[in-house]
Amino acid sequence: MTANSPQVAIGVRVFPESIAKLQAAGFTVRAHDSAQALQGADLVALAKGANSLLVSASSRVDAALLEQLPHLRMIANIGVGYNNIDVAAAQARGIQVSNTPDVLTETTADMAWALMFAAARRISESERWLREGHWQGIALDGWLGVDVHGSTLGIIGMGRIGSAIARRAQGFGMRVLYHNRTQLPATTAPNATWVEKHTLLQESDHVILVVPYSPQTHHLIGTSELALMKPTAVLVNIARGGVVDDVALAQALKSGQIGAAGLDVYENEPHIHAELLALPNAVLTPHIGSATKRTRLGMVNLAVDNLLDWHVGKIPRNTVS
Ligand code: 8YV
């Protein structure tokens, strides 16, 4: 690497075309080539001397790590959520941070619906049973789930993804409730009604969580919130691990406090609470909310565009603060 060239360290495997784009723009690229994102000392070793960093949500970039990377000036996060990065510590060091909003909105909204349906209609559980060879014929009273169409959907976090989820509900004839810190203008959430969190939990047949993770949203859903929900309710978390208290959720699913859950994110992921793994009424996916080829490529390319903005002296198009 020459002293004046932009140098980027990439902490997780990305698409070859994204690397090529950076190289074509004059970046010297040091790329980690594994799906398992680099952490801690390994990330520092890769990024030593680099002035920019491209990371996924799986790499934790905290103040202690930043201290070891004095040359760093720009961090492009591949993801809309950026709780993996200590933004305040980065800014204190004059480091810009960007994320990748919008490109994943519709794909992630689709995933919320996929988990809601899978949990409500017991898709994973019945498929496992079928593959195990148990099926002898249609049991009229077997594998009964709950309806999605015509039911009440509660969305906690009515941002871009929450609104895209709500829009889809019109096609299924659903009543939509939402809870946000602030009530949105009717034009922004035309078919949804703002209610207090406890009302949403009490009245919804399906509850979808779409809030960013922060100290304020830590364990937003725990024992007392789960106790408010219907015994048939489905809880979907496509937001972040830590928004739900996984121990309390496992207990609620086990005791029949709620009906089922569809989870894409977990506290301490990729390690999953053992009780959740054992529960038949939990549909579990490995943080794949945005995982379509088009969307993931769009995310990496947007992160690259943010780096390119920074490189030519512009404010990155998706700077976070
Ligand atoms: C990504 C996400 O898969 O955008 C986010 O916040 O959680 C997901 O879309 C993840 O960020 C990959 O880095």
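The values are calculated or read from the model by the stated rules, or taken from the named source; none is laboratory data. Because the structure is a prediction, the values reported are computed rather than measured. So basically every Cβ, Gly included, is an ideal-geometry build from the backbone, and we count neighbours across all protein chains shown.
Worth pointing out:
- Within the range 88-120, the set of residues being more than 14 Å from the ligand (Cβ to nearest atom) and assigned by TED's automatic domain parsing to the domain that holds Leu65 comprises Ala88, Ala89, Ala90, Gln91, Ala92, Arg93, Gly94, Ile95, Gln96.
- Val29 passes every criterion in (1) surrounded by fewer than 21 Cβ atoms within 10 Å (Cβ to Cβ); (2) in contact with a His (Cβ under 7 Å, 6 or more places away or on another chain) apart from (2).
- Scope the range 121-134; condition in a helix (DSSP H, G or I), surrounded by fewer than 12 Cβ atoms within 10 Å (Cβ to Cβ) and either of a type in the set (Asp, Glu) or not assigned by TED's automatic domain parsing to the domain that holds Thr232 (or both); matching residues: Glu127
- Those residues of the range 59-84 which are in contact with a Leu (Cβ under 9 Å, 6 or more places away or on another chain) and within 16 Å of the ligand (Cβ to nearest atom), in sequence order: Ser59, Arg60, Val61, Ile75, Ala76, Asn77, Ile78, Gly79, Val80
- Any hit, the range 37-55, residues being away from the ligand (no atom under 16 Å from the Cβ) and assigned to a strand (DSSP E or B): yes
- Elements of type strands (runs of 3 or more DSSP E) in the range 227-321, at least 2 residues being touching a residue at least 60 places away in the same chain (Cβ under 8 Å), within 16 Å of the ligand (Cβ to nearest atom) and buried (at least 18 other Cβ atoms within 10 Å of the Cβ): 260-263
- Here the condition is being of a type in the set (S, T, N, Q), in a loop (DSSP other than H, G, I, E, B) and within 19 Å of the chain's Cα centre (by Cα); of Ser34, Ser58, it holds for Ser58 alone.
- There is no residue in the range 295-304 that is over 21 Å from the mean Cα position of the chain (by Cα), outside the structural domain of Thr232 (by TED's automatic domain parsing) and of a type in the set (A, V, I, L, M, F, W, C).
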